[in-house]
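Scroll down for the structure; my scribbles are underneath it.
Each value in this text was obtained by applying a stated rule to the coordinates, not by laboratory testing. Being a predicted model, the structure only gives us computed values, none of them experimental. As a convention, Cβ positions derive from the backbone with ideal geometry for all residues, glycine included, and neighbour counts pool all protein chains shown.
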Amino acid sequence: MRFTPFVSRSIQYFDIEHPIHQLPLEVRSLILRYCDMPTLLGLCHDKNWRDSTLQEVAASFRLLLATFTPDPAAFRHMMRRTNTIISGSTALYFLLRSPCTWTPGDTDILVSPAHFDTALEFIMALPGATITHDSHNAPPETYEAIRPNFQRLVKVTTLMAKFDVMMSREASPYHSVAHYWTTLVMNALTADFFVCAYPSLTFSHRGAMKSRHVLPAPFEKYTNRGFQFFTPGGPPTKPDQSCARLIACSRRQRYFGDDNCLVFPIIDDSVSPADDDTETLESSITTAWQLGGKPCGNTACFIPTPRVALTMTVNGGWQAGLQAVQDQ
């Protein structure tokens with residue numbers, strides 16, 4: 001697994017003789033609990049902190065699941081079995097870590113058409129689950145803005161949380177994430193790893209909008225949460241220096257899993273593969289996106305981006321990796 005270079009500037013290479021490495025495990029865990037995600041990613045490069053850091057990320061994921069399900073292990077098993085991903089504000093909340101000044105209003109669940117019924121059945125079995133809305137029963141114009149990305153939206157309320165269970169239009173649920181209105185929510189939590197399409201922007205609380213025509217409600221919601229937005233693209237008159245700020249040119253074709261994505265494993269030693277009868281699952285992500293505009297002349301616009309797949313392997317341990325696939 002290749003870890004990304006998006007590291008907090010405060011992280012330096014550590015002297016192995018430094019007293020901080022002699023701290024008891026419980027003290028080290030307490031320190032990690034208050035570190036932001038870029039700092040945790042940086043600490044993973046240090047062998048003295050790697051194991052503790054991976055444990056902290058896994059513990060954070062369990063705590064997140066525990067906010068909306070009484071059995072996080074069972075929910076995670078469902079995600080693995082159905083290739084379900086968590087996106088939207090819940091995934092963003094996980095990446096930014098606490099203390100956040102806001103909490104997600106609901107949990108966005110994205111499922112492929114083949115596994116939608118199974119995932120919905122699981123969520124409906126949660127305590128107090130009730131369907132409050134189903135797009136199948138709504139007038140066609142109600143969801144006109146999102147219909148290009150989703151076949152169906154079912155809103156479910158339980159005793160613990162609210163869910164938006166969405167069926168993607170493509171076999172991979174990542175297709176819908178790639179077409180979200182802003183880079184801020186182009187993130188995904190799977191059972192075994194998380195993905196962030198624009199880590200530099202996300203961790204600086206900034207988002208690029210794909211279109212100037214955005215519904216007021218989501219824009220105002222994230223603006224009130226302290227996020228800033230801009231719209232890239234437009235007619236190029238000279239090489240666009242924003243390429244460097246984006247770490248990926250807004251005019252460049254992108255794929256989940258390319259060199260500009262952040263992909264990080266969620267390794268939970270408390271869950272043994274022997275306890276899970278799930279066979280090897282693969283989620284090939286071949287959906288491309290482009291934030292907008294014609295090539296501006298910057299060489300970054302023309303760096304070839306390989307088509308890739310994010311592969312989750314369940315075989316002797318949970319592993320998250322990148323597997324190149326041929327561009328067809």
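Observations on the model:
- Backbone amide hydrogens, once placed in the peptide plane, bring Phe193 within less than 5 Å of Ile266, excluding anything fewer than 5 places away on its chain.
- In terms of the mean number of neighbouring beta-carbon atoms within 10 Å, the peptides 112-118, 39-45, 152-158, 25-31 order highest first as 39-45, 152-158, 112-118, 25-31.
- Residues whose amide H lies under 5 Å from that of Ser98, counting only those 5 or more places away or on a different chain, are absent; hydrogens are built 1.01 Å from N in the peptide plane.
- Note that the stretch 35-51 has calculated 3J(HN,Hα) couplings of 8, 6, 5, x, 5, 4, 5, x, 5, 5, 6, 9, 4, 6, 10, 4, 4 Hz, one per residue in order, obtained from phi through the Karplus relation 6.51 cos²θ - 1.76 cosθ + 1.60 (θ = phi - 60°); glycine and proline are x.
- Per-residue ³J(HN,Hα) for the stretch 99-111, Karplus 6.51 cos²θ - 1.76 cosθ + 1.60, θ = phi - 60°, Hz, x for Gly and Pro: x, 7, 8, 9, 10, x, x, 8, 10, 8, 10, 10, 9
- Packing-based order for 54-66, 83-95, 186-198, using average beta carbon neighbours within 10 Å, highest first: 186-198, 83-95, 54-66
- Sequence-ordered 3J(HN,Hα) estimates for the stretch 152-158 from the Karplus curve with 6.51, -1.76 and 1.60 and θ = phi - 60° stand at 7, 10, 10, 8, 10, 10, 10 Hz, glycine and proline given as x.
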